[in-house]
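The values are calculated or read from the model by the stated rules, or taken from the named source; none is laboratory data. On a predicted model such as this, the values are computed, not experimentally measured, just so you know. Cβ: placed from backbone, ideal geometry, glycine included. Neighbour counts: every protein chain shown. When the accessible area is computed, the model is the full protein with side chains, heavy atoms only, and any ligands, DNA or RNA have been set aside. Shrake-Rupley method; radii C 1.70, N 1.55, O 1.52, S 1.80 Å.
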Amino acid sequence: MPCERKPMRYGHSEGQTDVCFDDTGNFIVTCGSDGDVRIWESLDDDDPKSISVGEKAYSCALKNGKLVTAAANNTVQMHTFPEGEPDGILTRFTTNATHVAYNSSGSRVAAGSSDFMVKVVEVSDSSQQKTLRGHNAPVLSVTFDPKDEFLASASCDGSVVVWKIEEQTQVISWPLLQKSNDVTNSKSLCRLAWQPRVAKLLAVPVETTVQLYQRDSWALVSTLSDDLGTQPINVVAWSPCGKFLATGSIGGLLTVWDVEGKLCVDRQKHEKGYTVCGLAWHPSGTQIAYTDTEGCLGLLDGLSSSSSSSTMAIKSTKPAPESYDDLFDDNDDDRPMDEGVSESGSPAKNLVALDDEDDDDLVPATGRARNRSAFLDDENSLDPGSLKLGLDKLGNYEDDAGSAIVLPAASAAPLHPVYEGPMPTPHQKAFQPGSTPAHLMHRFMMWNSVGIVRGYNDERDNAVDVEFHDTAIHHAMHLTNSLGHTLADLSHEAVLLACPSTDELASKLQCLHFSSWDTNKEWMVDLPKGEDVRAVCLGQGWAAAATSALMLRLFSIGGVQRELFSLPGPVVCMAGYGEQLLIVYHRGTGFDGDQALGVQLLLFGRNRQQVIQGEPLPISRRSHLSWLGFTAEGTPCFIDSEGVVRLLNRSLGNTWTPVCNTRDHCKGKSDHYWVVGVHENPQQLRCIPCKGSRYPPTLPRPAVAVLPFKLPLCQTTTEKGQMEEQYWRSVLLQNHFGFLSSSGYEIDEEAQSRAQKEQQELLMKMFALSCKLEREFRCVELAELMTQNVVTLAIRYASRSRRMALAQRLSELALEKANQLQGPEEEEEPLQYTRRNTGSQRQTQDEEVHEEEEEGQDEQMDEGDAAENRRQRLNPFAKGSPASPDKPSPKPVNKEGRVNPFKVSGGTGRSSAGGQPRATNVLDSMTSSSRKPTVLLGSSVSAGKLSKTPVLKPLAPRPKSKTQSTLLNMSASKAANKKPAEEREPAVDRLKPTEALPPASPADNVENTKPKTGFQLWLEENRKSILADNPDLEETDVIKEAMGRFRNLSAGDRLSWTERAKGDEGDLKKRKRAEESQGDDNGQNHSDENSAKKKKPLDTSAKLSAFAFSKN
């Protein structure tokens, strides 16, 4: 095959270059160390188009109008072709990418890098990446199997590896090359090439020869060598038809081989003897473009002008993917199938011609379609000798006539059913959370909140380094890894290591108990034969190991064997924290890329129990588990490969709630975050950013970043959505307080109260927003989540917003909350009323019965007044007390309309002096869920008992403001029009909002006899703030400071305080008149203070006003 060598053209500066053709063959594309990509219309093009891609360009590939380059900025870039417009970054590495290659369809790009990794990236979606790890040195070259099943790569570590792309695993590795530490120091670039179309042979340049390996069997079937070639071969390239192989050597020798006959059909010498580093065939097979290390471009033309020297001609008009049978079967008529129909062809006959091996030993792999005609063929179902096609030439893959002739003969084969449903997903392999892959020479064996365990396995050292974040726990340790430990865990007590079994040694579990008080700090356990450790973890006083025998073995921290039990499936990973053990395992086989994982959560405390019993672990679609552990507060959590962080919600039936998505914080699609810890207080995720990879390098030590939590609620861009997200996130991350306290741990009460305060503030903000939007029903829903005190603020806000219906509902809700808080305590102990009750509790009872008393008891009573009140107020629960020996029984409600709301029937209270049974009252029939004002009023009154039960804050006394006086005047009728107790309406009718306010009892109006000034009212409300600013002031100094601040108020503010004082003076006069009138009535009908208090209950508007304007 004599050809013409064209004169070379200068294209790039001195250094590494690469070359390729476009799909049509109209353009030649080159790249070089000057960082430019040049597009040549021909070798004679004096003005090629130039594209700058970076400082240097090491490799380029072109397919389907997409130009991919490996640049010196650690990226693989994409440009449009032939426009040359940037089309994004396909992937990133931590160091320079060394080689790129397309698959046969152009849907994927493989890239090798100096960071020892190979990545397979989808062109349409660069986030779909597969990383192949296993090389221990920079990658030299990569090449796709034309069937897109395998990928081959060569590395400076001297190995050539074949990978299974989908499983990301090594199929086979050959130690063929000379080792080096970098691509620039490598003896050869070792550009691998897979035979196109049929994909049966892999060409590997080894020294001065080319070795051909058989697909599937991976056996060496042929070696091509030339006596004239004295320099190592640098690059190889197949012709489009797959029959010829071109090679370029370091000395500049170009050779074209006929693979079938192992013949060198053409040799060309570089005109200056420079190293050939780039080689590409024209799609027609008529030309070969090549580049050298000096940046020059050359061309071999006319390869098809004389094909008589070869056993087969090259189709020059269009691509001719010939079958492997055509290369090695001299008799075309004897072959059973043409390659246009069968991809498998006649492998036995082909291999006989190459290596004279037995046919029975060369059965090809089954399980894939054997032809391109949409039918399956069993190899043993047809006799190759019985299918004589009688045609001389059926080698052309694109010959429709040949394919049509083969179909009737092949259709005689029995058809087999084809499964077209979802394909099963391979099981995720077991891993240790917080570790990097085991095949790395330098790796993290564990990174957690305690410290870091690093593993080193290279030619110089095989050791384990342990470093603690807090050196007070223990100093750093350097351990010799003679057993080859691959798993590790670290706690405040010990370091746990495990190694797999070998042919001679069993799998071992080694523990270094550095917190032990004795001198023997290390123990080791051998597992039974055939049982390997798959995962390990440490807890408080215990260690656990999950094995390949589906067993979980528990040990004490000192080495005592404890419980063991079987796992429902192969373990994926484990995590321990205190007394908790979290296990994730395969509960079945997933489909369509999903993993079917189960989770167990066990507690090893006093009450040993299984909290989560093998429930499914909810991970994202088409993802796998990437991290499992506990937060610093002890809540289980995990992260999947999609970056979603999920936290266990103990308050919702042990469900998993997503709290963060690390992908939202990644700048590039190939960037990831490697998690090292999760904290609930403060709410943050501690992780290491990894650019272009999933794992960080060990050196230099990576910096830890902090990511915030965010629940994936709807419409988080709106104010409402933001507050909802903050509230529920705070609620979720506060659950650990309850768990820790129930488990006997000390909790941070300050942090807990701070979180509760934050939640209530958010609820109040959402309440205000709902009020503005006139969503009153939503306001009530939010109020149900509030505490009793915050409901008080909500009532006040609703009243000032003139939403009286909403305020009424909220007041009923507040009373119900108080009733619910007191309900459980009432069941435990009888109602008692003693002198231990505070004055505020007595005030609360009176306030619920008499609105006017609330206004007269704003200031604290001194001891004398309190004693007088105690003498005047009789204990409503102690009927037989000496103070009231002849107290009459309460009248029935249907006669007098009044009952004793504090009276309790049954044997729980004290019996009366005369032994008379207690009368039935309204408290006996009330239920906690009722919202009737009468019942709730009585229930609230029962708050005055021995225990410190919270009382209704809104009913605490406060000075009346001007607004409050106005509301009272609007909602209540004049208090001067009163009726005697005997003439009042029944209890049900007296609850109408139009009734008048009841008068105050004269016994309760001991104080407030003098009207107050505006300054006095202002001082009462601002005294606390003054003392907060100046805590050391005396009383006289406080008054002086207050006078100064009051003078600084505006004239309008001072006037408003004066008007409020006048309003209080008018109210005082009304109370005096009411006292005189009431005193006459009481003298006629009753003899004790308890009867004097039987006045009309509060009407609805009055109660509402009291709630709305109370400052408590």
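Give the residue that is nearest to P682 (Cα to Cα), with candidates limited to residues of the range 722-743 that are in a helix (DSSP H, G or I) and more than 20 Å from the chain's Cα centre (by Cα).
Across the range 722-743, the extreme among qualifying residues is F737.
Given the residues E781, E758, E746, which is the only one that is part of a helix (DSSP H, G or I) and over 27 Å from the mean Cα position of the chain (by Cα)?
E781
Would you point out the residue of the range 520-560, among those that are open to solvent by 60 Å² or more (accessible area, probe 1.4 Å) and touching a His at 6+ places or on another chain (Cβ under 8 Å), that is farthest from E504 (Cα to Cα)? Step through it out loud before you land on a result.
Step one: of the range 520-560, the residues open to solvent by 60 Å² or more (accessible area, probe 1.4 Å) are 520-522, 524, 526, 528-530, 534, 540, 550, 560.
If we keep only those that are touching a His at 6+ places or on another chain (Cβ under 8 Å) as well, we get 521-522.
Working: K521: 27, E522: 23 Å.
My answer is K521.
Just to be sure I understand, how many residues within the range 120-170 are of a type in the set (D, E) and open to solvent by less than 10 Å² (accessible area, probe 1.4 Å)?
1
S180 versus (1) under 19 Å from K262 (Cβ atoms); (2) surrounded by fewer than 24 Cβ atoms within 10 Å (Cβ to Cβ): which is the lone unmet condition?
Going through (1) under 19 Å from K262 (Cβ atoms); (2) surrounded by fewer than 24 Cβ atoms within 10 Å (Cβ to Cβ) one by one, S180 breaks only (1).
Just one of (1) assigned to a loop (DSSP other than H, G, I, E, B); (2) open to solvent by less than 20 Å² (accessible area, probe 1.4 Å); (3) aliphatic (A, V, I, L, M); (4) modelled with pLDDT of 90 or more trips up A413, so point out which.
Tallying (1) assigned to a loop (DSSP other than H, G, I, E, B); (2) open to solvent by less than 20 Å² (accessible area, probe 1.4 Å); (3) aliphatic (A, V, I, L, M); (4) modelled with pLDDT of 90 or more, A413 fails exactly one: (4).
Would the range 655-669 turn up any residue that is more than 22 Å from Q432 (Cα to Cα), of a type outside the set (D, E, K, R) and touching an Asp or Glu at 6+ places or on another chain (Cβ under 8 Å)?
So far as the range 655-669 goes, no, none of its residues is more than 22 Å from Q432 (Cα to Cα), of a type outside the set (D, E, K, R) and touching an Asp or Glu at 6+ places or on another chain (Cβ under 8 Å).
Name the one entry in T247, T209, T223, T230 that is polar (S, T, N, Q), free of Cβ contacts under 8 Å to residues at least 24 places away in the same chain and within 22 Å of P175 (Cβ to Cβ).
Unique residue meeting the criteria: T223.
Output yes when any residue across the range 63-77 is surrounded by fewer than 16 Cβ atoms within 10 Å (Cβ to Cβ) and under 25 Å from I288 (Cβ atoms), and no when none is.
Yes: the range 63-77 contains one or more residues that are surrounded by fewer than 16 Cβ atoms within 10 Å (Cβ to Cβ) and under 25 Å from I288 (Cβ atoms).
Only one of (1) surrounded by fewer than 21 Cβ atoms within 10 Å (Cβ to Cβ); (2) over 19 Å from V123 (Cβ atoms) fails for H12. Which number is that?
(1)
How about the range 243-275: which of its residues are part of a loop (DSSP other than H, G, I, E, B) and either over 24 Å from A199 (Cα atoms) or open to solvent by 20 Å² or more (accessible area, probe 1.4 Å) (or both)?
From the range 243-275, those part of a loop (DSSP other than H, G, I, E, B) are 243, 250-252, 259-262, 270-275; that's our starting set.
If the condition is that a residue be part of a loop (DSSP other than H, G, I, E, B) and either over 24 Å from A199 (Cα atoms) or open to solvent by 20 Å² or more (accessible area, probe 1.4 Å) (or both), then I250, G251, G252, E260, G261, K262, H270, E271, K272, G273, Y274, T275 are the ones that fit.
Could you give every pair whose Cβ atoms fall below 8 Å, whose first residue belongs to the range 548-577 and is closer than 18 Å to M524 by Cβ and at pLDDT below 95, and whose second residue is in a loop (DSSP other than H, G, I, E, B) and among the acidic types (D, E), counting only separations of at least 6 or pairs across chains?
From residues that are closer than 18 Å to M524 by Cβ and at pLDDT below 95, the pairs are I557/E493.
Among the residues of the range 1-26, how many are more than 44 Å from the chain's Cα centre (by Cα) and farther than 23 Å from Q268 by Cα?
The qualifying residues number 3.
Can Q600 be described as part of a strand (DSSP E or B) and either at pLDDT below 90 or over 18 Å from H736 (Cβ atoms) (or both)?
The answer is yes for Q600.
List the strands (runs of 3 or more DSSP E) inside the range 109-170, counting only whole elements, that have at least 1 residues being over 26 Å from the mean Cα position of the chain (by Cα), polar (S, T, N, Q) and at pLDDT 90 or above.
Here the list reads 139-144, 150-155, 159-164.
Under 7 Å by Cβ, and 6 or more places apart or on different chains, what pairs join a residue from the range 690-704 that is without any contact (Cβ under 8 Å) to a residue 60 or more places away in the chain with one that is part of a loop (DSSP other than H, G, I, E, B)?
C690/D671; C690/P696; P702/P696
In the range 15-46, which residue that is farther than 21 Å from E83 by Cα and buried (at least 20 other Cβ atoms within 10 Å of the Cβ) is modelled with the highest pLDDT?
Narrowing the range 15-46 to residues farther than 21 Å from E83 by Cα: 15-17, 33.
Within this subset, residues satisfying the condition of being buried (at least 20 other Cβ atoms within 10 Å of the Cβ) are 16-17.
Numbers: Q16: 88, T17: 92.
Ranking the candidates gives T17 first.
Count, please, the residues in the range 457-470 that happen to be more than 23 Å from A575 (Cβ to Cβ) and either at pLDDT 90 or above or within 24 Å of the chain's Cα centre (by Cα) (or both).
1
With the requirement that a residue be surrounded by 17 or more Cβ atoms within 10 Å (Cβ to Cβ) and not in a loop (DSSP other than H, G, I, E, B), what does the range 613-644 give you?
Correct list: L625, S626, W627, L628, G629, F630, P636, C637, F638, I639, D640, V644.
Of all residues in the range 28-47, how many are within 16 Å of K6 (Cα to Cα) and not in a strand (DSSP E or B)?
6
Report, by residue number, each residue of the range 99-114 that is buried (at least 24 other Cβ atoms within 10 Å of the Cβ) and closer than 10 Å to F144 by Cβ.
A101, V109, A110, listed by residue number.
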